[in-house]
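**Student:** Sharing a structure, written as structure tokens. Questions coming.
The values are calculated or read from the model by the stated rules, or taken from the named source; none is laboratory data. Quick caveat, the model's predicted, so the values are computed rather than measured. Positions of Cβ are backbone-derived with ideal geometry, glycine not excepted, and every protein chain shown enters the neighbour counts. Surface areas here come from the heavy atoms of the whole protein model, side chains and all, with no ligands, DNA or RNA. Shrake-Rupley method; radii C 1.70, N 1.55, O 1.52, S 1.80 Å.
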Amino acid sequence: MNLVTFSKLQQLSEQNLPNIAKAKQEGRKVIGFYCLYSPIEIAVAANAIPVSLCGTRNEPIEAAEKVLPRNLCPLIKSSYGYAATDTCPYFRFSDLVVGETTCDGKKKMFELLAKFRPIHILQLPQTQETDGALSFWYDEIVKFKKKVEKVTGVEITDERLSEAIKLTNQERKAKKALMDLPKMNPSPISGIELLTVMFKTGFFMDKRLGIALMNEIVDEFRRKGNPAESPFHPKTPRILVTGVPVGLGSEKVVRLIEKAGANVVCLENCSGYRSVFMIDENKEPLQAMAEKYLSTPCSVMSPNPGRIKLLDELIEDFSVDGVIDLTWQACHTYNIESYQIEKFVSEKWGLPFLHLETDYSESDTEQLRVRIEAFLEMVKS
Amino acid sequence: MTQKDYRPMWKELGLNLVGHDQLLNVLGQAYKDIYMRQENRPKGMQYLDFVISEAHGLRIEELMETKKKGNKVIGTFCVYVPEELILAVGATCVGLCAGAEIGIDEAEKVLPRNTCALIKSFMGFKLAGLCPYIQASDLVVGETTCDGKKKAYEILNDYKETYVMEIPQMKTERDRTLWRGEIIQFKDKVEQLSGRKITSENLREGIKIVNNKRRVLQRLSSLREAIPSPISGLDALLVNQIAFYDDPLRFTKSVNDLCDEIEDRIKKGIGVVKNGTPRILVSGSPMAVPNWKIPYLIETSGAIVVAEESCVGERSTRDLVDESGKTLDEMIDAITDRYMKIDCACFTPNVERTDHILDLVKEFKADGVIHYSIQFCTPYTVEAYRVEKALQEKGIPMLKIETDYGMEDVGQLKTRIEAFLEMVKK
């Protein structure tokens, strides 16, 4: 990424909080989200500001452990800790926080989080396969829509929803184009750079700014398209990271992989490729949203064939040399699902596979580095 | 442990005979050390001693006999699975082995090490070929109660057909509708498996049998309100554990007899402990046979367990299915409503559990609560915080224990429990 683009990203990021503060003063409502299953279009359609809430850093975990068990996933502890210590400005801004019953830990944590902010819980079905699941989820979205109408005082019409979907689809398209850059061999952009751009633009109040910036970056790299300018060379091992979401503060595994001489070409997770599934613009908006969101292949779904399907496509499209499955400690669904992922990756693709279980701390960094280096040795041979 | 030679039957069931012999030896010894050393037990406990000694023998033989007659055996892990429907088609419902640290090496080949002991246990029992109940089952029924079980069933299904019921996570009207739909689907599944229709007649019978089993367990529970305690917590837990796999009619009769005897003891002022012994309510995760660790530690530290706020305990026996339904539809409604009342920590919110614990403390004159979660059981470990706060507000001491089926922490736990009991006495 060139300096001009990078400083633009920085500048926009710095301007974001003051922008939200100003918008709030002008009467706009802020709705905070934690999870990819949350239909942000509802907030957009109500002219509210959808914000991602903090949960990717280690600092607030100590405070969280006063209330939550120590052996709980760091993402959950971090999210709660930010709220409890009032250190996440986005949480502070939120007029409504949206939680969901994805996993046991979050579901139970939200009960405790409710004392800090008004919270709305989306009840997610635990399977995608039955007809009942979709209609149940559709009703949940309708219920959420009513809630947001109440909070914002804006009636959410189908037109407004369609507009919102167009905007979020554009964002998905831009994000996808960005994430597709590493399909080039060698990739013109590192996994860490990609992650940084997606993470930072993800907080932008004005989605159009993020879309424009991502498009700009994609154009810049496509224009260059010069292998000599890539930080990698054609022999660099191309690694796909699958599993739990990763953001700044919890990017240590991605960083370690690239420091060890490989390239993370694809992130099959909720902060990566799963976030660019499009909403069908030709369908009734709420129905189209229900279908899109329910199809998110998170391991909380039982069974979760969508993840295997997506992995299958990504391994092929990104010419992947090895797969690293990342699980946050005490995240039971990913931890258990790893068994099936390993089976798939080795049986179908014959690729080296490594399952890593870690948290946000630095205590195991050395050990992870050794394991990743040994894994990459195997990938190369 | 067993007299008759059941090895041909075990072999036919595909059990790992060498491992199974070792298991029975260990269990037999544990039972002797933990149960038979108790003093002044009610005579009626002899029936339970017998059932446990024949848990892998006579009871399995009975299952094989009923199978030969064309009846099905359905294995379950959770109190959400409606036994009424299973009994309605003449099938037998059995709880599956999940209470011992066994086959761990096998289980950890397919499951992470840091998975709850109960889940690793059922996988270990299956993979190591040590549970005659799962071997004898025509179908295993799982449920999406928690993350660990939900995902483990996907893997268990590779080794044994596992039908999964989706449990709602809240208790709104829509959740009830979802759950009712699940019950109807399960009804279809059971009908298809057994080749028999569920009618208002046979379902009424099923409801009656299961309700009567619950009634007798309620009776036993209420007798434990007496001071001094007429029965140990270990014995009462055993009764609740055996409720999951014994023949329900025989079980109900035998436990009724036991209750008659206990009533008589109460009249005569006979107890298993002295007056003034600290009375403890155990609350939290279920304890499957032979998971007797916590009550054993409590009762060998000078206290008595007076109630279990647990799925193997009063959470599964508290509510009856309304028997006034006349049509099949009304009965399905009654079953739906009854199961929606279960206050498992997998629900959000689950405030009724906290209220209920406070009620139990009062009802059983408990001096303290020991909150027990199986390690890595996220719903209960997180919920423990709220329970503790609610108890604190009422000045009731609570000790939070998180452990697995291993024995490594027994010394440490005993020290903690003893210190807690010291505090309770003051």
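**Student:** To the nearest 20 Debye, how big is the dipole of the stretch A:23-158 about its Cα centre, given +1 on the beta carbon of each Lys and Arg and -1 on that of each Asp and Glu?
**Tutor:** Its charge dipole is roughly 520 debye.
**Student:** With a 1.4 Å probe and every protein chain left in place, work out the accessible area per residue of the stretch B:276-426 in Å², rounded to a whole number.
**Tutor:** On a per-residue basis, 36 Å².
**Student:** Under unit Cβ charges (Lys, Arg +1; Asp, Glu -1), what dipole magnitude, rounded to 20 debye, does chain B have relative to its Cα centre?
**Tutor:** 480
**Student:** Name the residues of the stretch B:110-138 whose accessible area, probed at 1.4 Å, falls by at least 40 Å² once all protein chains are in place instead of their chain on its own?
**Tutor:** Those are B:Pro112, B:Asn114, which lose 40 Å² or more relative to the chain on its own.
**Student:** How far is helix A:74-85 tilted off the main Cα axis of chain A, in degrees rounded to 10, range 0 to 90?
**Tutor:** 40
**Student:** Taking a spot 7 Å from the Cα of B:Glu65 along the direction of its beta carbon, which residues of the stretch B:20-49 have an amide N less than 20 Å from it?
**Tutor:** Output list for this probe position: B:47-49.
**Student:** If a/c stays under 1.5 just call it rounded; otherwise compare a/b with b/c (prolate if a/b is bigger, oblate if not). Do that for chain B, with a ≥ b ≥ c from the square roots of the Cα gyration tensor eigenvalues.
**Tutor:** Rounded shape, in that the Cα axes give a/c under 1.5.
**Student:** Only Lys, Arg, Asp and Glu count, each charged at its Cβ (+1, +1, -1, -1), so figure out the dipole size of the protein assembly as shown about its Cα centre, rounded to 20 debye.
**Tutor:** Around 960 debye, computed over the protein assembly as shown.
**Student:** Using 19 Å as the cut-off for backbone N distance, which residues of the stretch A:20-57 belong to the label zone defined by a point 7 Å from the Cα of A:Arg92 along Cα→Cβ?
**Tutor:** Under cut-off, by backbone N: A:20-33, A:49-57.
**Student:** Name the residues of the stretch B:155-195 whose accessible area falls by at least 20 Å² when all protein chains are present instead of the chain alone, probe 1.4 Å?
**Tutor:** Residues shielded by partner chains are B:Ile155, B:Asp158, B:Glu166, B:Gln169, B:Met170, B:Arg174, B:Asp175, B:Leu178.
**Student:** Set the Förster distance to 60 Å, then compute FRET efficiency between A:Arg222 and B:Thr199 from the Cβ-Cβ distance, nearest 0.05.
**Tutor:** 0.30
**Student:** Something else: Considering only protein heavy atoms, what per residue accessible area in square angstrom results for the stretch B:192-241 with a 1.4 angstrom probe?
**Tutor:** In whole numbers, the stretch B:192-241 has 35 Å² accessible per residue.
**Student:** Give me the 1.4 Å probe accessible area per residue for the stretch A:37-176, excluding ligands and nucleic acids, in Å².
**Tutor:** I get 37 Å² per residue for the stretch A:37-176.
**Student:** How high is the FRET efficiency between B:Thr300 and B:Glu191 when r is their beta carbon distance and R₀ equals 56 Å, given to the nearest 0.05?
**Tutor:** E between B:Thr300 and B:Glu191, to the nearest 0.05, is 0.70.
**Student:** I've got another one for you. Roughly how much accessible area, to the nearest 100 Å², goes out of reach of solvent when A and B pair up, both sides summed, probe 1.4 Å?
**Tutor:** Counting both chains, the buried surface is close to 3600 Å².
**Student:** Under the 0.36 nm per residue contour assumption, what length would be gained going from the current alpha-carbon distance of B:Arg215 and B:Arg250 to full extension?
**Tutor:** 11.2 nm
**Student:** Can I ask one more? Output the 0 to 90 degree angle, nearest 10, between the alpha-carbon long axis of helix A:104-113 and the longest principal axis computed from the alpha carbons of chain A.
**Tutor:** Rounded to the nearest ten degrees, it is 40.
**Student:** Leaving out ligands, DNA and RNA, what percent of the accessible area of the protein assembly as shown is carbon and sulfur, probe 1.4 Å?
**Tutor:** Ligands and nucleic acids excluded, carbon and sulfur reach 51 percent.
**Student:** Measure out, as a whole number of angstrom, how far apart the alpha-carbon centroids of the stretch B:275-325 and the stretch A:61-89 sit.
**Tutor:** What the calculation gives is 32 Å, centre to centre.
**Student:** Can you tell me the 0 to 90 degree angle between the C-alpha axis of helix A:332-349 and the longest principal axis of chain A, rounded to 10?
**Tutor:** Computed tilt is about 40 degrees.
**Student:** Evaluate E = 1/(1 + (r/R0)^6) for B:Asn40 and A:Glu14, where r is the Cβ-Cβ distance and R0 equals 51 Å; express this FRET efficiency to the nearest 0.05.
**Tutor:** 0.10
**Student:** Can I ask one more? Where in the stretch A:93-132 does accessible area fall by at least 40 Å² between the isolated chain and the complete protein assembly, at a 1.4 Å probe radius?
**Tutor:** Checking the loss per residue gives A:Asp104, A:Lys107, A:Lys108, A:Glu111, A:Leu112, A:Gln123, A:Gln126.
**Student:** Using a basic spin-label model with each label point 7 Å from the Cα along Cα→Cβ, how many nm lie between B:Asp257 and A:Val370?
**Tutor:** Output for this residue pair reads 6.3 nm.
**Student:** Right, here's the next one. Take the Cα of A:Thr130, step 7 Å along the line toward its Cβ, and report every residue of the stretch B:303-332 whose backbone nitrogen sits under 17 Å from that point.
**Tutor:** So the set is B:332.
**Student:** Each label point is 7 Å from the Cα along the Cα-to-Cβ direction; what then is the distance between the points at A:Glu149 and A:Glu59, in nm?
**Tutor:** Placing both labels 7 Å beyond Cα along the Cβ direction yields 4.1 nm.
**Student:** Give me the one-decimal nm value for the distance between modelled label points at A:Ser361 and B:Asp49, 7 Å along each residue's Cα-to-Cβ direction.
**Tutor:** 5.0
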